[in-house]
Structure formats: structure tokens, C-alpha cells
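Written out below as C-alpha cells is the structure these notes cover.
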Amino acid sequence: MTEGVQRVQLVSPYALSVPGGVQAQVRAMARELDSRGVSVTVCSPGAPDEVLGALGIAHVAVGAVLRVPANGSRAPVTLSPHASRTFASIAAALDGGVVHVHEPFAPVAAYGLLRAHRRPIVATFHRGGGGPAYLAGKPVFRLLARSLDDAVAVSDYAAATIAAATGIHPDVLFNGIDVELIASAAPHPTSAPTIVFVGRHEERKGLGVLLDALRRVELPIECWVLGQGPQTESLRRRFGSDGRLAWFGAVTDAEKFARLRGADVLCVPSLGGESFGLVPLEGMAARTAVVATDIDGYREATAGYARLVAPNDPAALAVALREAFERPATKATLDAAAAHAAGWSMASLVERYLVRYERAAERFASTRA
């Protein structure tokens with residue numbers, strides 16, 4: 001058990017039942033903190049999370065979920081004042097603990113506890129790229145920002161985004177990946193050279209670009225499509241004649257990691273708005289070759305260990321995919337990529353946050369002295 005902070009409230013403004021990068025971080029951080037003997041309470045809108053429940057980690061899920069347009073996606077948030085009050089009351093009772101809020105300015109899960117500021121608060125900002133909501137909400141965000149005892153962004157891009165919106169200049173850490181869980185997954189069997197796609201089926205994630213590119217790759221390969229979203233049915237109708245495609249919908253982390261380990265190539269064709277390359281790093285940790293788009297978050301995370309192509313360019317993506325199969329990465333290259341990805345382990349990330357929790361608690365105490 002850590003000798004520092006013993007109680008942590010993790011707050012996600014997004015429903016954990018909907019796949020997403022922030023949700024995955026909250027769930028993985030909860031597991032890692034719990035494994036270290038820290039008492040964790042996770043708060044989010046929506047329904048209780050089965051994974052957390054099976055581990056005996058407290059999850060307070062309050063508030064109906066609405067899909068609100070945000071950053072080229074539709075964020076699964078709540079607008080329930082009751083949820084905001086409930087999470088604030090949990091924070092108020094967290095004697096000797098720290099509140100860790102992911103995307104604190106996303107509506108409205110954290111607003112109550114930010115306004116009350118009854119406990120030390122650490123914030124993590126994930127979003128890369130501003131937008132109308134950030135412009136319209138700037139006065140409110142600047143007011144709420146006064147309650148933050150420590151602020152972190154997951155990338156330089158995310159740090160610049162929040163600095164422009166609020167004047168906060170957070171330190172940059174990273175998103176963590178569960179290196180041990182990925183490496184220990186048994187590779188899913190394949191019957192042909194295989195591409196895997198992992199992500200929400202919406203325009204920003206670029207699945208349509210990948211499927212367009214596959215039409216130009218006349219090779220006997222398979223493509224596993226994981227996830228779901230608003231474009232799922234239209235894309236299945238449009239590309240249904242391609243027998244190389246297999247659609248699996250939303251899957252568990254265990255199945256995702258098994259398919260990452262079993263595939264030959266992970267394709268991450270996002271068009272933009274990605275502050276950090278979590279999925280490419282997971283592919284690298286699985287010792288799978290990565291083909292991704294050349295955007296800030298992915299370039300920063302992959303550090304030369306992935307084939308990068310211009311976003312929204314099916315022809316260029318097709319060339320990169322063909323090269324990935326015709327000139328596959330060597331074992332030494334994949335091992336080096338995996339070693340690079342290991343630097344972003346969740347264990348390493350939580351170690352750093354535990355230090356920041358203590359620092360935030362000291363700052364909070366000094367303002368109350």
C-alpha cells in the first residue's frame with residue numbers, strides 16, 4: 001500500500017458503458033490504484049460498470065446519458081444537476097482523500113465539486129482542439145479553473161488547447177496503457193494476414209477511409225472491425241460485398257487485446273482531433289505493426305515506430321497497408337516499438353499521479369491554513 005494518499009475519487013464526465021479513451025483511462029487507473037491498496041470510488045453518468053464491479057471497485061453511476069456533439073464526436077455526458085450534486089457530496093465526505101477529475105469542464109459531472117472545492121482536486125485534460133463550446137464556455141471554465149490544485153494534460157496538443165481556453169498551463173504527462181495485460185493476451189487465431197481496426201464508427205475515426213483504402217489493396221487478407229457507432233450500419237451496407245471484412249461490434253478489453261496480438265497490422269486512420277495516440281501505443285505493445293495517420297497526437301506517441309500517412313487519403317493509406325504486408329516489420333523492429341510503448345505503462349503513470357496527489361493535497365491544505 002502506498003504511504004501517501006489513501007483515498008481517491010475518480011470522476012469521468014463520460015459514461016463508462018460507451019467505449020472511449022477517457023473512459024478507458026479512468027477504468028485502468030482505478031484498477032491500478034486498487035491494486036496498490038488505494039481506496040477508489042469511480043463516478044460517472046450512466047450505468048454501473050461490470051468490470052469495476054467484478055473487481056470490487058466502487059462505481060457510483062448517476063445521471064441519464066445524452067449524446068452531445070463535441071470535437072467531431074458525440075460525447076456521452078449527463079446534464080443532470082442531481083448527478084453533479086451526488087458527486088460533490090462524495091467529494092465532501094472524502095476525508096484525507098483527493099479528487100481526480102478527467103475533462104473537468106465537460107458537462108456537468110464535476111461542476112458541483114469544482115464549485116464547492118471541499119477536497120484537493122487534480123484535473124486531467126484530454127481534448128485536443130478547441131471549438132464553439134470552448135469559446136462559449138470560456139468565462140465559466142476560467143471560474144471553475146480556480147478550484148484546480150493541480151492540472152495535467154495528456155499531450156502538448158491538449159495542453160495548448162486548454163491553455164487557449166482557460167489560461168491554465170498544465171504539465172504534460174501521458175495516457176497509460178496496460179502493458180502487462182496486453183502482453184499476456186493470447187493472440188487470437190487468424191486464417192489469413194489480418195488488419196484490425198479499433199474505435200468508434202464515426203467520421204473522425206476514419207473507418208470509412210480505411211474501408212475505401214482496402215478496395216485498392218487486392219490481397220488475400222482479412223480485416224477485423226471492432227467497435228460500433230453512428231456510421232456502423234451505413235458502412236456495412238456500403239462495403240458489405242467485401243468478404244474480407246469481419247464486424248465484431250463493441251468488445252471487452254480482453255478480446256481487444258487478443259485481436260491486437262493476433263493481427264498483423266493495426267490501422268488507426270483518424271482524421272484529427274486526437275490529442276494522444278493511445279490505440280497506436282496499444283498496438284505497439286502487442287507487437288503488431290501500426291499504420292496510422294500523420295496527426296499531432298499519433299506522431300508524438302509513435303515516435304517513428306509506425307507508418308504514418310496523410311489523413312483522409314485512401315490512396316496513400318492503401319499504399320502503406322500494402323507495404324506493411326509486402327515488407328513486414330522485423331521482430332527487432334516490433335520489439336523496439338514494444339519497448340517504446342512500455343514507457344507509457346499505466347503503472348508508471350499512476351506512480352507519477354500519486355506524487356501529484358500528495359502535492360495537490362499540500363497545496364489545498366496551505367490555502368486552508
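Considering only residues of segment 80-95 that are of a type in the set (A, V, I, L, M, F, W, C) and within 30 Å of ARG204 (Cβ to Cβ), which is surrounded by the most Cβ atoms within 10 Å (Cβ to Cβ)? Once the filter is applied, the top-ranked residue is PHE87.
The selection criterion, being in the same structural domain as LYS205 (by TED's automatic domain parsing) and either surrounded by fewer than 17 Cβ atoms within 10 Å (Cβ to Cβ) or not in a helix (DSSP H, G or I) (or both), holds for ALA336. Go through the residues of segment 38-50 one by one and say whether even a single one is under 23 Å from GLU351 (Cα atoms), surrounded by fewer than 15 Cβ atoms within 10 Å (Cβ to Cβ) and of a type in the set (Gly, Ala, Ser). Within segment 38-50, none of the residues are under 23 Å from GLU351 (Cα atoms), surrounded by fewer than 15 Cβ atoms within 10 Å (Cβ to Cβ) and of a type in the set (Gly, Ala, Ser). Checking each residue of segment 110-122 against the condition of being part of a helix (DSSP H, G or I) and either assigned by TED's automatic domain parsing to the domain that holds GLU300 or within 20 Å of the chain's Cα centre (by Cα) (or both) gives no match. Identification of strands (runs of 3 or more DSSP E) wholly contained in segment 1-103 with 1 or more residues that are polar (S, T, N, Q), over 19 Å from ALA158 (Cβ atoms) and in contact with a strand residue (DSSP E or B) (Cβ under 6 Å, 6 or more places away or on another chain) yields 7-11, 39-44.
Hey, any hits in segment 318-330 for a residue that's among the hydroxyl-bearing types (Ser, Thr, Tyr), within 26 Å of ILE195 (Cβ to Cβ) and without any contact (Cβ under 8 Å) to a residue 12 or more places away in the chain? Even if it seems obvious, please write down each step before you answer.
If we filter segment 318-330 for residues that are among the hydroxyl-bearing types (Ser, Thr, Tyr), which is where we start, we get 330.
When the remaining residues are screened for being within 26 Å of ILE195 (Cβ to Cβ), the result is 330.
Then keep just the ones that are without any contact (Cβ under 8 Å) to a residue 12 or more places away in the chain; that gives 330.
Checked against the condition, which is being among the hydroxyl-bearing types (Ser, Thr, Tyr), within 26 Å of ILE195 (Cβ to Cβ) and without any contact (Cβ under 8 Å) to a residue 12 or more places away in the chain, segment 318-330 yields at least one hit.
Do we find a residue being at pLDDT below 95, under 29 Å from GLU32 (Cα atoms) and buried (at least 16 other Cβ atoms within 10 Å of the Cβ) anywhere in segment 282-290? Spell out the reasoning first.
Within segment 282-290, the first condition is being at pLDDT below 95, and the residues that meet it are none.
The answer is no, given that none of the residues of segment 282-290 is at pLDDT below 95, under 29 Å from GLU32 (Cα atoms) and buried (at least 16 other Cβ atoms within 10 Å of the Cβ).
Scanning segment 32-86 for residues being in contact with a Pro (Cβ under 9 Å, 6 or more places away or on another chain), among the basic types (Lys, Arg) and touching a residue at least 60 places away in the same chain (Cβ under 8 Å) gives a total of 1.
In segment 291-313, of all residues being hydrophobic (A, V, I, L, M, F, W, C) and surrounded by fewer than 21 Cβ atoms within 10 Å (Cβ to Cβ), the one that is nearest to THR333 (Cα to Cα) corresponds to ALA303.
Selection of segment 131-156 for residues being closer than 24 Å to LEU354 by Cα and of a type outside the set (Gly, Ala, Ser) yields LEU144, ARG146, LEU148, ASP149, ASP150, VAL152, VAL154, ASP156.
Looking across segment 123-155 at every residue that is within 22 Å of the chain's Cα centre (by Cα) and at pLDDT 95 or above, the one that is farthest from ASP171 (Cα to Cα) is identified as LEU148. Within segment 349-364, not a single residue is within 20 Å of the chain's Cα centre (by Cα), buried (at least 19 other Cβ atoms within 10 Å of the Cβ), more than 28 Å from ALA254 (Cβ to Cβ) and of a type in the set (D, E, K, R). Only one entry in VAL11, VAL26, VAL68, VAL77 is in the same structural domain as ALA165 (by TED's automatic domain parsing), closer than 23 Å to ARG200 by Cα and modelled with pLDDT under 95, namely VAL68.
Do we have any residue at all in segment 234-244 that's more than 30 Å from TYR157 (Cα to Cα), of a type in the set (A, V, I, L, M, F, W, C) and buried (at least 17 other Cβ atoms within 10 Å of the Cβ)? Give the derivation first.
Applying the first criterion (more than 30 Å from TYR157 (Cα to Cα)) to segment 234-244 yields 234-244.
Narrowing further to those that are of a type in the set (A, V, I, L, M, F, W, C): 235, 239.
Okay, now just the ones that are also buried (at least 17 other Cβ atoms within 10 Å of the Cβ), so 235, 239.
Within segment 234-244, one or more residues are more than 30 Å from TYR157 (Cα to Cα), of a type in the set (A, V, I, L, M, F, W, C) and buried (at least 17 other Cβ atoms within 10 Å of the Cβ).
When GLY272 is tested against (1) closer than 30 Å to GLY131 by Cα; (2) free of Cβ contacts under 8 Å to residues at least 60 places away in the same chain; (3) surrounded by fewer than 20 Cβ atoms within 10 Å (Cβ to Cβ), only condition (2) is not met. Listed by position, the helices (runs of 4 or more DSSP H) inside segment 124-232 whose residues that are of a type in the set (A, V, I, L, M, F, W, C), surrounded by fewer than 20 Cβ atoms within 10 Å (Cβ to Cβ) and assigned by TED's automatic domain parsing to the domain that holds GLU358 number at least 3 are 132-136, 138-144, 156-166.
The values are calculated or read from the model by the stated rules, or taken from the named source; none is laboratory data. Predicted model only: the values in this text are computed from it and were never measured. All Cβ positions, even for glycine, are placed from backbone atoms using ideal geometry, and neighbour counts span all protein chains on display.
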